[in-house]
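Every number in this text was worked out from the coordinates using simple rules, so none of it is lab data. Every value quoted in this text rests on a predicted model; they were computed, and no experiment measured them. In this analysis, Cβ positions are derived from the backbone assuming ideal geometry, glycine residues included, and neighbour counts consider all displayed protein chains.
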Amino acid sequence: MTAASPRLPVPPEFAQALRELGLADAEPLTGEPLTGGVSSDIWRIDTPRGPLAAKRALAKLRVAADWRAPIERNRYEARWMEVAAAASPGSVPRVLGQHPALGVLVMAYLSPQDHRLWKHALRDGDGFPEAASETARAVGRVLVRIHAYAAARPALAAEFATDAIFHDIRLEPYLLATARRHPALAAPLARLVEVTGTTRRTLVHGDVSPKNILLGPTGPVLLDAECAWWGDPAFDLAFCLNHLLLKCLWRPASRDALLAAFAALADTYLAGVDWESRGELEQRAAALLPGLLLARVDGKSPVEYLTDEAQRDAVRRAARPLIEQPPPTLAAVRAAWQKELAR
């Protein structure tokens, strides 16, 4: 997220929330709206204690398609962050408060001088190839640590009764919307929705993407857990790996480094799985990944950087046969994608 304009009056909902949470006094508040998200209004807000970050979920997301989601997801995001902070200290911004009635979540502000967005690092090729794989391994360690921590505490499931929210903002706009564009794939995509939606193992972030990961002084920091859900951890793994595949088209010169990062993240994550069979989790992730790949060109949330139809066709050629005949491993998905890139 980057600052869009300096020192503007803060929207009244944000100002009221901060005051009622005891994080600001009665003086007028100013700040900067932050860009980078489609699902929330996000502000850096100046207070006597220093800058804070606050976000408020939108009922209608900022995308071309008609995509709506319940605004109470903000409350579950705060809960996810608290669990993640206990599981992996430093891996999320510190939660300062959450106002349920106004739907405002307030967090510590992380300065961009010390926290670089992973998406930007991948775009700019920072320190490739070693840094890409090193960061991927760090992301894999943080993610599996959170999943393992929550899986060992099944009572947490009662705090994340968000099946409907997850369906509305992940399964429907990604997989079911894609099935409407590809009727021949409707049955296998529906099976992915069924398997994913009924697998309940641990606490899932739901949007583990380079655009939601800051590279901080002590490691990766995960943002934007609006999709928090007690469900299938394979979704988080596949969702993040999908972005590394897609970015091979965005940065062709870095394809080898990105594919190596894919392997580094997958291997590191799977090595830490201790709550279920690693093979079974990998198989679910490998089956889901091609569906997510196709969804990012033909679902409700296409990636903005694949603007060329030839690039989108490459995704379709690689994804379709893998959806029809699900691969058994993530390495098989990587190999099929590498073969497509070599065409």
In the chain, what is the count of Lys pairs whose alpha carbons are under 14 Å apart, counting only pairs at least 8 residues apart or on separate chains? 4
Of PRO100, THR199, LEU185, farthest towards positive along the dipole that unit charges on Lys, Arg, Asp, Glu beta carbons give the chain: LEU185
Answer label for semi-axes √(5λ) of the Cα gyration tensor in Å (calculated), chosen among [x] 35, 21, 19; [y] 32, 21, 20; [z] 27, 24, 21: [y]
Once you put a point 7 Å from the Cα of ASP267 and another 7 Å from the Cα of ASP163, both along the Cβ direction, what distance in nm separates them? 3.9 nm
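Contour minus end-to-end for ARG180 and ARG145, with contour as 0.36 nm per residue of separation and end-to-end as the Cα-Cα distance?
Between ARG180 and ARG145, full extension yields 9.0 nm more.
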Quick calc: nm separation of the 7 Å Cα→Cβ label points for ARG200 and ARG116 -> 4.2 nm
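Evaluate the relative contact order of the chain (contact order divided by residue number), counting alpha-carbon pairs under 8 angstrom at least 6 apart; express in whole percent. If you can, show how the numbers build up before the last one.
Details: 606 pairs, mean separation 55.6, N = 343.
Dividing the mean separation by the residue count of the chain yields 16 percent.
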Using a ≥ b ≥ c from the Cα gyration tensor of the range 236-304 (square roots of the eigenvalues), is it rounded, prolate or oblate, where a/c under 1.5 gives rounded and otherwise the larger of a/b and b/c decides, a/b for prolate? oblate
On a full-extension model of 0.36 nm per residue, what is the gain between GLN338 and ARG153, subtracting their alpha-carbon distance, rounded to one decimal in nm? 62.7 nm
Considering the options LEU156, LEU289, SER40, tell which one lies farthest towards the positive end of the dipole of the chain, charges being +1 on Lys and Arg and -1 on Asp and Glu at the Cβ, about the Cα centre. LEU289
Going by a ≥ b ≥ c, the root eigenvalues of the Cα gyration tensor, does the range 99-159 fall in the rounded group (a/c under 1.5), the prolate group (a/b larger than b/c) or the oblate group? oblate
Angle in degrees between helix 309-324 and the longest Cα principal axis of the chain, rounded to the nearest 10: 70 degrees
Set the Förster radius R0 to 56 Å, insert the Cβ-Cβ distance between ARG49 and GLU324 as r into 1/(1 + (r/R0)^6), and round the FRET efficiency to 0.05. 0.50
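Normalising by the residue count of the range 82-218, find the relative contact order in percent from Cα pairs under 8 Å and 6+ residues apart.
The normalised contact order for the range 82-218 reaches 33 percent.
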Taking the range 198-343, how much of its Cα-Cα pair set, in percent, is spaced more than 21 angstrom apart? 42 percent
What does the charge dipole of the range 114-271 about its Cα centre add up to, to the nearest 20 debye, if the Cβ of each Lys and Arg holds +1 and the Cβ of each Asp and Glu holds -1? 260 debye
Relative contact order [Cα under 8 Å, 6+ residues apart], the range 211-343, whole percent: 24 percent
Okay, helix-only estimate at 222 nm for the chain: each DSSP H run of n ≥ 4 adds -39500 (n - 2.57), divide by all residues, round to 500 deg cm²/dmol; what do you get? -15000 deg cm²/dmol
A correct fewest-to-most ranking of TRP80, TRP275 by other Cβ atoms within 10 Å would be TRP275, TRP80
Theoretical gain in end-to-end length, ALA331 to ARG278 [0.36 nm per residue, Cα-Cα removed]: 17.7 nm
